[in-house]
Amino acid sequence: MEKAQLGRPRAFDTEEALEKAMVVFWSQGYEGASLADLTEAMGISRKSMYAAFGNKEELFRKALQRYSEGPGAYVAQALQAPTAREVAMAFLTGSVQANTQPGWPTGCLGVQGALAVGETGQVARDTLREWRAHGQELLRDRFQRAVEEGDLAADADPEWIALYVMTIANGLAVQASGGAACKDLQRVADTVLRNWPPA
């Protein structure tokens, strides 16, 4: 038998509030997003935020997870592509589209969320470094599989190819946050993939 819930039920939609927090972090970065900005966007009090999501660092981690499952879901989808070249194409095209999607902030939460942070943002910087490293590891493992399947040459370096693709994607995100147009960024992605695999 389940225990009865203590206290009053939350008077707000936690998923909706989390998405709003994600947008604030995405557009303002970790340090730029004050607690006042976050709670105002989420439509809740600071006390409710702490009760539902923990402190700012925990909220940021949850917002980053939300980003991974929403605008950043192209990463998981790209890994399912049948060939290494199609993985890279889907990854870069997904990055371009996510970084320039109308109605959302430009750029990538995972890239710019902690580009300019001081000591108080060290946790966010470390969290994002781990997040990007995990994405690169997923690419590396997928390219390693491509080597084993004969899709990439036996002497191809999956670690380097993953770093190459991730570095291009991060650059696309930075350009997008600076106002570069979707079509121009897609041209960059297409140009990168004309010479595949990278030598």
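Measuring from label point to label point, each 7 Å out along Cα→Cβ, what is the Ser34 to Arg46 span in nm?
1.1
Could you please report the charge total around Arg132, scoring K, R as +1 and D, E as -1 over all other residues with beta-carbon less than 12 angstrom from its beta-carbon?
-1
Relative to the longest principal axis of the C-alpha atoms of the chain, give the angle of the C-alpha long axis of helix 56-69, reported between 0 and 90° and rounded to the nearest 10°.
50
Would you tally the net charge around Lys20, using a Cβ to Cβ cut-off of less than 14 Å, leaving Lys20 out, and scoring K and R as +1, D and E as -1?
With Lys, Arg at +1 and Asp, Glu at -1, the neighbours total -4.
Let a ≥ b ≥ c be the square roots of the eigenvalues of the Cα gyration tensor of the range 140-198; is it rounded (a/c under 1.5), or, if not, prolate (a/b larger than b/c) or oblate?
prolate
Calculate the radius of gyration of the Cα atoms of the chain to one decimal place, then report Dmax, the largest Cα-Cα distance, as a whole number, both in Å.
Cα-based Rg and Dmax for the chain come out at 19.1, 62 Å.
Under 11 Å from the 7 Å Cα→Cβ point of Lys183, by amide nitrogen: which residues of the range 85-101?
Answer for the range 85-101: none.
Ile44 accessible area, nearest 10 Å², 1.4 Å probe?
Approximately 20 Å² for this residue.
Give me the number: length gained by fully extending Gln101 to Ala153, i.e. 0.36 nm times residue separation minus the C-alpha to C-alpha distance, one decimal in nm.
Gain on extension, Gln101 to Ala153, equals 15.2 nm.
Does anyone have the angle between helix 14-32 and the longest principal axis of the chain? Alpha-carbon axes, 0 to 90°, nearest 10?
70
Cross-link candidates for Lys62: which aspartates and glutamates have Cα within less than 14 Å, leaving aside residues fewer than 8 places away along the same chain?
Glu15, Glu16, Glu19
For the range 122-139, just list the computed ³J(HN,Hα) in residue order, Karplus coefficients 6.51, -1.76 and 1.60, θ = phi - 60°, integers in Hz, with x standing in for Gly and Pro.
Working through the residues one at a time gives 4, 4, 5, 4, 5, 4, 6, 4, 5, 4, 5, 4, 5, x, 5, 5, 4, 5 Hz.
Can you compute the FRET efficiency between Val174 and Gln77 using 1/(1 + (r/R0)^6), with r the Cβ-Cβ distance and R0 = 25 Å? Round to the nearest 0.05.
That pair, Val174 with Gln77, gives E of 0.65.
Explain nothing, just compute: Karplus ³J(HN,Hα) = 6.51 cos²θ - 1.76 cosθ + 1.60, θ = phi - 60°, for every residue of the range 96-102 in order, whole Hz, x for Gly and Pro.
Working through the residues one at a time gives 4, 5, 5, 6, 10, 5, x Hz.
The values are calculated or read from the model by the stated rules, or taken from the named source; none is laboratory data. On a predicted model such as this, the values are computed, not experimentally measured, just so you know. As a convention, Cβ positions derive from the backbone with ideal geometry for all residues, glycine included, and neighbour counts pool all protein chains shown. Please note that ligands, DNA and RNA were not included when accessible areas were found on the heavy atoms of the full protein model with its side chains. Shrake-Rupley method; radii C 1.70, N 1.55, O 1.52, S 1.80 Å.
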